[in-house]
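Reading through the structure tokens given below for one structure.
The values are calculated or read from the model by the stated rules, or taken from the named source; none is laboratory data. All of these numbers come straight from a predicted model, not from anything done at the bench. Using ideal geometry, Cβ is built from the backbone for each residue, glycine included, and neighbour counts are taken over all protein chains shown.
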Amino acid sequence: MKLAEISRCFQGVIPSVVASADANGIPNVTYVSQVYLVDDRHVALSQQFFNKTRRNFDENPNGCVEIYDPVTFQAYRLRLRFLRSEKSGPLFDTMAMRILAIASHTGMEGVFRLVAADVFEVVKVEKVEGFLTGAPVGDEEVSPAGFRTELRGLQLVSDRINRADDLENLLAATLDALDVYFGFRHTIVLLYDHALQRLVTIACRGYGGGVGAEVAPGEGLIGTVASERRILRISGLNEKLRYGRAVRRSVMSDTGSLHVRPEIPLPGLPDAQSALIIPLLLEDQLIGVLAAESRDPLLFGEWDETYLGIIGNQIALGIDRVSSDESPAQATPQPHEPPVVRAIPPPPARARHTLTYYREDDTIFLDDEYLVRNVPGRILWKLVGEWKRQGRTAFTNRELRLDRSLGLPDIKDNLESRLILLRHRLREKCPNVQITPAGRGKFTLDVGAELDLVER
Amino acid sequence: MSTETFEHFMTGGVSVLVGTVDADGVPSCCRGIAIATRDNFDSVTVYVPAATAGETVANVATTRRVAVSCSHPLTHETLQIKGVTRGVRLAPASDEAFVRQRLDEFAAVLDEIGLPRRVTRSIAQWPAFAIDLSVEQVFDQTPGPKAGTLIR
């Protein structure tokens, strides 16, 4: 039997078991958090703590691992011989990334980390005969046609990315295509804001809101992908989080809760069973993160990791392309283009809102509720101010770029992503004030309420 | 560790793993179905399915050394018991209901964490071997910096 035939046992949905023995022939048996398939003759076990299993392999290289098929629960035993511990390199980095992400999510960075990837030769693989009575349940052949469909899907997603003429369309079309062609129902795109030094959610699908949510690099699963700039694929997420929480409880019972950072809530599905998260990179520069998650513990396979990596590269290039179409350098003043002023019709009985700008922390509140902050907040404050003072309703990206008070950087200002964020926040929180695209580089401010503006 | 703590690991819904070693020092593992004590943990009896425990039974007949890990899947609280085999026997019919009940309780916990009963109900459970062992050492094996602490 070849290891490739049982590759889904290595997705980590059902914890594996490892048995070892010391030089005196005393056995030890325990769960192991990660059995990584290196190639058809080698596996690697994760070593988080220098434990008894690890000491036994220094004394006696023989081991036995029992792994389980996550669909049928069929058991397989691998007879192993310990070869070496790797503390750096691609294998170590890949295994460390998964553990680092879980540790970060559960507030256990530094405590719960990969010490080494222990590499073993697989001497023998055997099915545990008699483990299940009757035929396995739920076993299905994977059709090669599925792969062909996904290749076609990859082509279609690429096509949509290339055809998008602005950032909002690009992101919406991409997430729609991932849903339609790949079955990824829950997806998020976060863009990195260099000024804030945070990732800001700019598009999402399947959640009913969430644009504007922020994550710091290094925090949780998404933040870890951003800081490590590596793809993360996790199956059996609940199981791994339970493991992280067990470590957390153990540490807290020793040190008290004061020294332990609170757990970071997963953005998105509270009951996600698997996640595939990829960094959006342009050369070495972090553009953002694309995250897909699912309640199906087996939705994302190695193949998805590969093609989503390709899609990620295309999204990063697409974001750069649509953002560069109107760069700050092109935003020269055009004095002959007068500002557009719409006649304001006498309002019927309309809603009344107060927008309050808090200068100290750069935030805007709608009545008593937080609305938006930082650059998108300053943009909104400029727009509603000019609407109130001059009755202006039509604006251009160009004039925003020339307004130094907004604090947009000279290079890679991400203006379009900030406008998308602002549009989404208004749509969610204040339907009476809307920003509507009006052709390339132009938009209108549509106000359907009485607005009181207060600055503090 | 208190008696109550030990009892916490003798209840239903616990995952039982059995590790053994042959005369050449080659280890083996198999899943147990149930564990019980009748003398306040001086000894325990571990039930392993006859269908999958051939190697385990052969090993304990040769080296007598056994490691048993008891773990709560929801919390990962884990104990490891190490001991010497007193004897191996085919579990009597009077134990069948107990063994089946333990597998049902374990399946219920797995169902709660996403492995459906339609899968786990086909795990082999009976007939079973009963391995009686004298408890020599007990370790806390809950994941974390204290894993491996000798508690008895």
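Here are the numbers for this structure:
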{"quantity": "Every residue from region A:379-421 that is without any contact (Cβ under 8 Å) to a residue 60 or more places away in the chain and more than 26 Å from A:HIS353 (Cβ to Cβ)", "calculated": "A:ARG404"}
{"quantity": "Set B:GLU112, B:GLU136: member being over 22 Å from A:MET252 (Cβ atoms), more than 8 Å from chain A (Cβ to nearest Cβ) and modelled with pLDDT under 85", "calculated": "B:GLU112"}
{"quantity": "Matching strands (runs of 3 or more DSSP E) fully within region B:1-73 where at least 2 residues are facing chain A (nearest Cβ under 8 Å)", "calculated": "B:15-21, B:27-32, B:65-71"}
{"quantity": "Residues within region B:119-147 that are more than 21 Å from B:HIS8 (Cβ to Cβ), in contact with a helix residue (DSSP H, G or I) (Cβ under 6 Å, 6 or more places away or on another chain) and without any contact (Cβ under 8 Å) to a residue 60 or more places away in the chain, tallied", "calculated": "1"}
{"quantity": "Number of the condition not met by B:ALA93 [criteria: (1) under 24 Å from A:PHE73 (Cβ atoms); (2) more than 12 Å from every other protein chain (Cβ to nearest Cβ); (3) hydrophobic (A, V, I, L, M, F, W, C)]", "calculated": "(1)"}
{"quantity": "Residues (buried (at least 22 other Cβ atoms within 10 Å of the Cβ) and within 9 Å of A:GLN48 (Cβ to Cβ)) located in region A:104-113", "calculated": "A:PHE112"}
{"quantity": "Test: residue in region A:345-358 that is at pLDDT below 90, surrounded by 12 or more Cβ atoms within 10 Å (Cβ to Cβ) and out of contact with any Asp or Glu (no Cβ under 8 Å at 6 or more places or on another chain)", "calculated": "no"}
{"quantity": "Residue identified as surrounded by fewer than 20 Cβ atoms within 10 Å (Cβ to Cβ), in contact with a Gly (Cβ under 9 Å, 6 or more places away or on another chain) and of a type outside the set (D, E, K, R) among B:ALA51, B:ALA97", "calculated": "B:ALA51"}
{"quantity": "Every residue from region B:116-133 that is more than 9 Å from chain A (Cβ to nearest Cβ), among the small types (Gly, Ala, Ser) and either assigned to a helix (DSSP H, G or I) or within 18 Å of B:SER15 (Cβ to Cβ) (or both)", "calculated": "B:ALA128"}
{"quantity": "Residues that are touching a Pro at 6+ places or on another chain (Cβ under 6 Å) and more than 28 Å from A:GLN197 (Cβ to Cβ), drawn from region A:368-402", "calculated": "A:ARG392"}
{"quantity": "Region A:228-255 - residue that is surrounded by fewer than 19 Cβ atoms within 10 Å (Cβ to Cβ) and hydroxyl-bearing (Ser, Thr, Tyr) and, of those, farthest from the other protein chains (Cβ to nearest Cβ)", "calculated": "A:THR255"}
{"quantity": "Residue within region A:349-361 that is closer than 21 Å to A:ILE202 by Cα and touching a residue at least 24 places away in the same chain (Cβ under 8 Å) present", "calculated": "no"}
{"quantity": "Whichever residue in region B:96-109 is aliphatic (A, V, I, L, M) and more than 12 Å from every other protein chain (Cβ to nearest Cβ) and, among such residues, is nearest to A:VAL71 (Cα to Cα)", "calculated": "B:ALA108"}
{"quantity": "Residues of region A:100-157 classified as within 10 Å of another protein chain (Cβ to nearest Cβ), under 33 Å from the mean Cα position of the chain (by Cα) and modelled with pLDDT of 65 or more, total", "calculated": "3"}
{"quantity": "In region A:274-299, the residues that are within 14 Å of chain B (Cβ to nearest Cβ), touching a residue at least 60 places away in the same chain (Cβ under 8 Å) and not hydroxyl-bearing (Ser, Thr, Tyr)", "calculated": "A:PRO297, A:LEU298, A:LEU299"}
{"quantity": "Strands (runs of 3 or more DSSP E) lying entirely in region A:28-137 (those with 2 or more residues that are touching a residue at least 40 places away in the same chain (Cβ under 8 Å) and of a type in the set (Ser, Thr, Tyr))", "calculated": "none"}
{"quantity": "Of all residues in region B:26-49 being more than 12 Å from the chain's Cα centre (by Cα) and modelled with pLDDT of 95 or more, the one that is nearest to B:PRO92 (Cα to Cα)", "calculated": "B:SER28"}
{"quantity": "Qualifying positions in region A:184-216 - free of Cβ contacts under 8 Å to residues at least 24 places away in the same chain and surrounded by 17 or more Cβ atoms within 10 Å (Cβ to Cβ)", "calculated": "A:ARG198"}
{"quantity": "For A:HIS42: the one exception among (1) modelled with pLDDT under 95; (2) surrounded by fewer than 20 Cβ atoms within 10 Å (Cβ to Cβ)", "calculated": "(1)"}
{"quantity": "Pairs with Cβ under 7 Å, 6+ apart, first in region B:98-115 and assigned to a loop (DSSP other than H, G, I, E, B), second surrounded by fewer than 14 Cβ atoms within 10 Å (Cβ to Cβ) and of a type in the set (Lys, Arg)", "calculated": "none"}
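Here's the yes/no breakdown for (1) within 14 Å of A:PHE120 (Cα to Cα); (2) crowded, with 21+ Cβ neighbours inside 10 Å; (3) modelled with pLDDT of 90 or more; (4) away from chain B (no Cβ under 12 Å):
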| site | (1), (2), (3), (4) |
| --- | --- |
| A:MET1 | no, no, no, yes |
| A:GLY12 | no, yes, no, yes |
| A:VAL18 | yes, yes, yes, no |
| A:SER33 | no, yes, no, no |
| A:PHE49 | no, no, no, no |
| A:LYS87 | no, no, yes, yes |
